[in-house]
1. Which order do the peptides A:345-356, B:677-688, B:624-635, A:62-73 come out in when sorted by mean C-beta neighbours inside 10 angstrom, highest first?
2. Considering just Cα atoms, how many Å³ per residue does the convex hull of chain B enclose?
3. For a quick check: with amide H placed at 1.01 Å from N, whose amide H comes under 5 Å from A:Gly359's, ignoring anything fewer than 5 positions away on the same chain?
4. I'd like the orientation of helix B:328-356 relative to chain B: the angle between its Cα long axis and the longest Cα principal axis, in ° from 0 to 90, rounded to 10.
5. Listed highest first by mean packing, meaning other Cβ atoms within 10 Å per residue, what order do B:434-442, B:588-596 come in?
6. Stokes-Einstein diffusion coefficient for the stretch A:260-390 at 25 °C in a medium of 0.890 mPa s, Rh from the Kirkwood formula over Cα pairs: what value in µm²/s?
7. Can you give the charge dipole size of the stretch B:550-740 about its Cα centre, rounded to the nearest 20 debye, using +1 on the beta carbon of Lys and Arg and -1 on the beta carbon of Asp and Glu?
8. Antiparallel versus total DSSP beta bridges in chain B: what percent is that, nearest 5?
Amino acid sequence: MEAMLRIRAALLLSALALLSLLVRSYSQEIQIANAERRIDLTSHIVKVFLTLKVENVGTSPASEILLAFPPSQVDHLALVKAAATVGKRKKKSYLSLDVIPTELPDAPNGTKYFSISLLNPLSTGETATLEVLYILTHSLEPFPAEISQSESQLVYYRDSALILSPYHIKKQTTFFKTPSSKLESFTRVEPTNHAGAELKYGPYENHPPYSFLPIILHFENNNPFAIVEELVREVEISHWGNLQITESYRLAHAGARHKGMFSRVEYQSRPSISGVSSFKHLLARLPPRVHSVYYRDEIGNISTSHLRTDPWKSELEIEPRYPLFGGWKATFVIGYGLPLEDFLFESPDGRRYLNFSFGCPLVETVVNKLTVKVALPEGAKDPSAVIPFPVEQHLEAKYSYLDIVGRTVVVLEKNNVVPEHNSPFQVYYNFNPIFMLAEPLMLTSVFFLLFIACLAYLHVDLSLRK
Amino acid sequence: MVGKAEPVNGSVKSGSNQSIPAAMQSPLKKSDLIPNLSLKTLKLKTKQQELLIRVSILCLVYVLAFITRLFSVLRYESMIHEFDPYFNYRTTLFLTEKGFYEFWNWFDSESWYPLGRIIGGTLYPGLMVTAAIIYWLLRFLRFAIHIREVCVLTAPFFASNTTLVAYFFGKEVWDSGAGLVAAALIAICPGYISRSVAGSYDNEGVAIFALLLTFYLFVKAVNTGSLAWALASAFGYFYMVSAWGGYVFIINLIPLYVLVLLITGRYSMRLYVAYNSMYVLGMLLAMQIRFVGFQHVQSGEHMAAMGVFFLLQVFFFLDWVKHLLSDTKLFQAFLRITVTTAIAVGAIALGVGTASGYISPWTGRFYSLLDPTYAKDHIPIIASVSEHQPTAWSSFMFDFHILLFLFPAGLYFCFKRLSDATIFIVMYGLTSIYFAGVMVRLILVATPAVCLISAIAVSATIKNLTLVARAKNKVTQTGFVRGSSSLKGSSKASLDQSQPFQRNGAIALLLGAFYLLSKYATHCTWVTSEAYSSPSIVLAARGAHGNRVIFDDYREAYFWLRKNTPPDAKVMSWWDYGYQITAMGNRTVIVDNNTWNNTHIATVGRAMSSYENEAYEIMRSLDVDYVLVVFGGVTGYSSDDINKFLWMVRIGGGVFPVIKEPDYLVNGEYRVDKGAAPKMLNCLMYKLSYYRFGELTTEYGKPPGYDRARGVEIGNKDIKLEYLEEAFTTSNWIVRIYKVKPPNNRCPYAGNDVPYLPWVPTVLRYHFQAMFHG
């Protein structure tokens, strides 16, 4: 009975959405034959895999496909990637496609769009399969917002049962994957099927463009809600053979806030019930051949960390000084050195470039604000950065040991960074190796002058008496 | 009576000049150094060899003094140690960030809530300014270092400088050999290392350097009668005043020394010049330090210096009159009248000054220095500090080792060759040894004197022995040896060469001396490494498999406070942890290690020793949000709050008579197990320390609630807290933090902070709560 009512309400909503819409001609040229959406809710980073089978039913070839997002999701959208499927079955391969945000003049209810440019325009009657991955952060709302130490964490996830799209969708299915089978409640839109940790909505058939059917999932999620509120990564290049990385983190637990007391005796004696949503370890994946790693904060070294290295990767397991419960914060700094030859290369045109990974080395964390600073050696000129996604850039100057003119620092800033952003970026610059000798020469000349001064002092009689 | 000192002193100077044959004179030096530099002519002259050896020994000692203090950095990390250094570090940080004027005018509202503390007017800024200047200088030279590194290494750096001063002092008092030995001894002496390891960023670190420098410059001034040295000594004194309250020792020792010289008939123009210029300028300079202010003319502790100053003028006047009057009888009469008048005027001035309150009487701390039993009876807050306890013999042995035996020998040598300088060092040694006996921490002040005097003993003995040992096989050199030595012992030794086995005996004794000295070196290294290099913030222990286990609970708790409490939260703890909480936790504290307000500390002591409901009233009145206690029952860490608790009771009871010490004892015995006093089992400190401890098994084969620090099963395992709740406990339970709950809402139905809405059905109240909290 209740379900019926809900469906009615949903239908009413979608009808309203339909009415409010100006049906554009070109969106009618394309329709989606089959859409499958898999939403991964197991961590606090929501990953959505969307498989669209697009067909051109219009008269003219189409070169781009639009993705639509409700405004509430766009704010939390960290990344959108798309790929075209080529080949059948066993010879299947993926070709990544460009995705750029676009504006449409008459978007209903503030809908935001991303357009996928196809490699080959889709001519009339043709179909293509697109794989889309988009990642949402800060989309799980803890409810209740405050929990005590012994409670587990429940969260809300809000979405639509129907895929928001400017195109007509013939058939669609949505799967939700929750971390455990403990599902407190969910909106039923028949046919809905709940089995274990998976929740299936659909298949729904023949929904017009801009159909929207809000649903809400309330489920248990005790995975660490580790959020880095701010991360500053400083990369300092020394042409004497070292790359020094310093990363300062401001970490927070963004899950349900901790309420009441923290009892150590319960935390120690009943780890399975007490503080299940808290976390005390973090894993950082560092490049191989890392050396002189340190882990400290404002008041000194933190002794609880373990470094495991092998020739292919390095893993640093760090423990903040205390376990983090909801709302608790910690700051720390990780620093390490890397051999320069692994990261600095010379391009064919004689320029040098640094090839380094952009994102945060911590596994499964969201960085709200990431700043990457690349300090070039003193005397480097004409820096330029190449990054696979849009970031803000500017230049700074920095003075390190024995610097006179200061080093050029390329500063890259990006908000809402997820582990999928860990792709390499390049910073190109011109450098004359003669500058490497400046500092050693300076030191030797200082010592030389010191000895000269000593000699002079011993040879000159400064006394007034004869 | 007047002017006798001249010939004696003259002989000292010529003596020392003979033993180092003019090596330090510049015209010789410059001709000596050139072959050194060319490195081709390795055949150096004796003087050159001597200079080379001396300079290289000094350089080595300088480096050694620095690196032997780095054990703590190697074992742990580059961090600030103990309690007071955290305050110094925090103020230095403030100074480098905000500049000198802000620092000078700083009113710190983060400590002594709600009173606050005027930092600029209540601290000795010398240390912070020194560190800040070093920091700014290095920054200017583009060394991108953190201020923490500067603070950590300040004490070792100044210890190295102290060795140089000790060398020059030793040279001034005895000869350059004694100076070298003194530098080497003081470089590794545990008594000094205890306060100057890397990270021990405390006033004493620079103050010992300043103290020895002032003394050296003053002795130099007295020896030469030079105005320049006296002024330098005044500036040394100014630095000392800016750095440490121990300057009172200087301002009393130097007048005492002058007085002794006057009494022993060693008054001279040199002394007059040295003391007057040093005292007047030093006093004026010292007044620039706000914390000291006008104490030099207003406080009882400084009156001795002023008295001696006037006495010197009287002496000078008499000397002048004697010079004018040729009649001895007339002079005798004049002398009698003048001395009587001067003493009368002085006594009246002192009496009037004291009576009118212009001259403040001696403080309790000063009394407790003169009388070791004073603090125990009158000032429990001084007596409660372990470093203020009278020194045990074992710690003398621990800190001085063989110097303890060499010290009397050195005194013997000093008395044998009495001069102005040796009188000074003897007086410095004897007074400071007395003070070292009164308080453990003052061993530090005695250390330079003990090292210098022992160095004289070592140097003189070894010199004599080598002379004897070399006398026989190099008969031809005897003449030279005899001439070069000014010591009676050596000449005597070379005179009666007929004694059998003399040379073998000397060699045996030499070997013995080297054995002793090498024992001293190993002892010092061992003590430094084992006892004095632990930061006391991080505790290290041996695990079951011999591995090193680190308890970093203090910083865990402080960092938790820093990150997870409101920025204006007030933390109540015993005063020991005040500086650390403000520096590392960045939160306001009620009391801290600057124990200037006894009542405030007693209030905290009272809260800790009251029942929970009474304590709650006190804590509410002090706006306390969090209570921090240190508890060692899980790890067996013995310097925790339960073991300090009787002092809280005593200090609290000293001001508030409701707190009575016998209430917490059973037959005069302090216990925490079942047989403990009922008040003890229910006071706030007991409850906070042992809250839910009864559920924990700490040791295999022991009942739950077994306190490892005291080795008993606790008496009250069922502790309920009504007004506080556990906010955080560190992983080894060493620090426990409790939150003081807000007062109960008057409304009986609704949950905390939610207004009572009687018309709302109970079902919906949950949503309202969510609304108000979310």
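Bear in mind that the values in this text are calculations on the coordinates, not laboratory data. Everything numeric here is computed off the predicted structure, so don't read it as measured data. Ideal geometry is used to build each Cβ from the backbone, glycine not excepted, and the neighbour counts take in all protein chains shown.
1. B:624-635, B:677-688, A:62-73, A:345-356
2. 241
3. Here A:Asn422, A:Ser423 satisfy the definition.
4. 10
5. Details: B:434-442: 19.9, B:588-596: 21.9.
The most tightly packed comes first, giving B:588-596, B:434-442.
6. Estimated via Stokes-Einstein, D reaches 137 µm²/s.
7. Numbers: 22 positive and 25 negative charges, 17 e Å.
Here the stretch B:550-740 has a charge dipole of around 80 debye.
8. Details: 20 of 26 bridges.
Here the share of antiparallel DSSP bridges comes out near 75 percent.
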